[in-house]
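The values are calculated or read from the model by the stated rules, or taken from the named source; none is laboratory data. These numbers were taken from a predicted model, which means no experiment stands behind them. All Cβ positions, glycine included, derive from the backbone under ideal geometry; neighbour counts span all protein chains shown.
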Amino acid sequence: MKFNTLAIHSHQEPDPTTGAVITPIYQTSTFAQEDAGVHKGYDYSRSGNPTRSVLEGVLADLEGGKHGFCFASGTGALVTLCFALFKPGDHLIVGDDVYGGTYRFLTKVFQHYGVEIDFVDMTRLDNIASAIRPNTRMIYLETPTNPLLKLADIQGILELAKNKKLITCVDNTFATPYLQTPFDFGVDIVLHSTTKYIGGHSDVVGGALILRDDTYEESIRFHQNSIGATPDPFATWLTLRGLKTLGVRMKAHCQNATALAQFLEAHPLVDDVIYPGLPSHPQHEIAKRQMHNGFGGMISIRVKGGEAEARAFMKALKVFTLAESLGGIESLVEHPARMTHLAVEKSVRETLGITDNLIRLSVGIEDLEDLQADLENALKAMSQSQTRALA
Ligand code: P1T
């Protein structure tokens with residue numbers, strides 16, 4: 001089956017007892033047992049729940065993996081991954097441009113457990129090669145990254161990792177399996193914040209880990225249950241409901257974002273437009289190679305000016321809502337330096353290019369004309385506020 005058919009039908013046969021076409025919400029914490037330890041495969045909803053199992057199965061199928069595991073958030077998935085696969089003394093190589101909460105967990109929490117961590121610019125394979133040490137256990141990356149939309153060459157990284165027998169994990173939140181399937185390159189583990197495109201409607205928080213094969217299945221299953229960052233049945237049901245339309249939504253996100261990126265690139269009040277689909281993007285060739293259905297719905301821009309101009313622009317937007325998060329049907333805008341990446345020290349942000357005039361747009365699936373007019377008007381309002389400030 002192909003992508004949309006899988007999203008709608010895989011693991012989702014009508015309910016055998018009632019004929020219900022849609023997967024029921026098994027809103028139960030526990031399950032009756034015939035005898036002590038004898039049950040129908042479920043004993044307690046932290047360990048497993050039938051609604052969650054369906055979502056875990058569909059996610060595994062869409063990514064082309066073998067096992068899916070769902071969590072209460074993307075961060076819950078990351079925490080479980082780290083505690084499952086590392087021991088004190090191990091070394092982790094992470095992309096230098098990752099979600100601020102990922103950076104915060106790794107630097108402020110996980111590092112205290114004796115794991116050494118290096119943050120590396122993943123756009124350069126030589127950087128990664130020279131960061132590898134005898135105790136390196138994993139290479140962990142986002143591609144495209146949050147918020148600078150940098151791309152890593154998954155195939156090149158896999159060649160490095162395979163030689164040294166390193167685990168690879170790709171956070172595929174921005175691309176989704178509709179645009180990019182890291183298992184095609186031999187990646188071991190895919191992570192998602194399902195809060196974003198997978199759920200797609202900004203109404204539920206969740207996360208997932210998907211495994212290519214059986215190697216880490218037992219450990220991840222054990223830690224999923226032991227750490228307990230698992231989602232409730234309704235959250236998994238909402239995510240499953242959203243996931244069914246992932247393909248059609250991503251197509252619309254990509255179309256709108258491509259058109260808006262071109263519009264913004266030609267606008268005199270915008271200094272930089274970062275979008276993997278633009279030929280001006282430094283890793284556009286990699287994007288064309290490894291993103292098979294489009295370039296996503298995220299655009300980052302630097303407006304002409306500084307923080308005051310960025311604030312004036314964001315305040316003037318009417319269709320784009322100023323809010324954290326991304327990947328929903330509605331367009332959002334946010335200021336990484338003050339919002340999602342506040343946990344990243346200012347000096348690190350400056351080195352990376354998370355400047356005070358950097359703005360991240362999550363382009364929704366509203367009508368393009370309305371989105372473009374909104375950006376145009378807000379840029380105009382920004383320039384008028386500049387003029388007033390100078391007067
Ligand atoms: O928010 P949560 O479901 O815990 O997912 C964390 C996470 C992991 N990976 C990526 C690439 C992410 O973007 C996120 C969450 N990001 C935001 C909330 C944001 O606005 O960027």
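The residues on offer are T340, T355, T351, and the sole one that is β-branched (V, I, T), in the same structural domain as D374 (by TED's automatic domain parsing) and closer than 25 Å to S385 by Cα is T355. Within segment 206-214, at least one residue is more than 19 Å from the chain's Cα centre (by Cα), farther than 21 Å from D126 by Cα and not polar (S, T, N, Q).
Of all residues in segment 144-160, those satisfying the criterion of being in contact (Cβ under 8 Å) with a residue 40 or more places away in the chain and touching a helix residue (DSSP H, G or I) at 6+ places or on another chain (Cβ under 7 Å) are L148, L151, D153, I154, Q155. When L125, L106 are screened for being modelled with pLDDT of 95 or more, surrounded by fewer than 22 Cβ atoms within 10 Å (Cβ to Cβ), within 25 Å of R338 (Cβ to Cβ) and of a type in the set (A, V, I, L, M), only L106 passes.
When you check T75 against the structure, is it surrounded by fewer than 22 Cβ atoms within 10 Å (Cβ to Cβ) and in contact (Cβ under 8 Å) with a residue 60 or more places away in the chain, yes or no? Yes: the conditions hold for T75. The set of residues from segment 201-253 being among the hydroxyl-bearing types (S, T, Y), buried (at least 20 other Cβ atoms within 10 Å of the Cβ) and closer than 18 Å to A7 by Cα comprises T236, T239. Scanning segment 72-89 for residues that are more than 18 Å from L326 (Cβ to Cβ), within 16 Å of the ligand (Cβ to nearest atom) and outside any helix (DSSP H, G or I) returns a single hit, A72.
Residues of segment 270-294 that are touching a helix residue (DSSP H, G or I) at 6+ places or on another chain (Cβ under 6 Å), touching a residue at least 24 places away in the same chain (Cβ under 8 Å) and under 20 Å from T181 (Cβ atoms): P276, Q290, M291, N293, G294. Here is the figure for segment 47-72: residues that are among the basic types (K, R) and surrounded by 16 or more Cβ atoms within 10 Å (Cβ to Cβ) total 1.
Determine whether segment 28-44 contains at least one residue that is surrounded by fewer than 12 Cβ atoms within 10 Å (Cβ to Cβ), modelled with pLDDT under 95 and either within 27 Å of A131 (Cβ to Cβ) or not small (G, A, S) (or both). So far as segment 28-44 goes, no, none of its residues is surrounded by fewer than 12 Cβ atoms within 10 Å (Cβ to Cβ), modelled with pLDDT under 95 and either within 27 Å of A131 (Cβ to Cβ) or not small (G, A, S) (or both).
What strands (runs of 3 or more DSSP E) completely inside segment 276-373 contain at least 2 residues that are surrounded by 22 or more Cβ atoms within 10 Å (Cβ to Cβ), at pLDDT below 95 and within 16 Å of the ligand (Cβ to nearest atom)? Where strands (runs of 3 or more DSSP E) fall fully within segment 276-373, none carries at least 2 residues being surrounded by 22 or more Cβ atoms within 10 Å (Cβ to Cβ), at pLDDT below 95 and within 16 Å of the ligand (Cβ to nearest atom). Reported count of residues in segment 22-50, each being outside any loop (DSSP other than H, G, I, E, B) and under 15 Å from A235 (Cβ atoms), is 1. Of all residues in segment 230-270, those satisfying the criterion of being among the small types (G, A, S) and under 13 Å from G297 (Cα atoms) are G247, A252, A257, A259, A261.
Restricting to segment 207-258, give me the number of residues that are at negative phi, part of a loop (DSSP other than H, G, I, E, B) and within 16 Å of the ligand (Cβ to nearest atom). Spell out the reasoning first.
Kept after step one, since they are at negative phi, are these residues of segment 207-258: 207-227, 229-258.
Imposing the further condition that a residue be part of a loop (DSSP other than H, G, I, E, B) reduces the set to 212-216, 229-232, 244-245.
Retained after the next criterion (residues that are within 16 Å of the ligand (Cβ to nearest atom)): 229-232.
Count: 4.
The selection criterion, being within 14 Å of K318 (Cα to Cα) and surrounded by fewer than 19 Cβ atoms within 10 Å (Cβ to Cβ), does not hold for A391.
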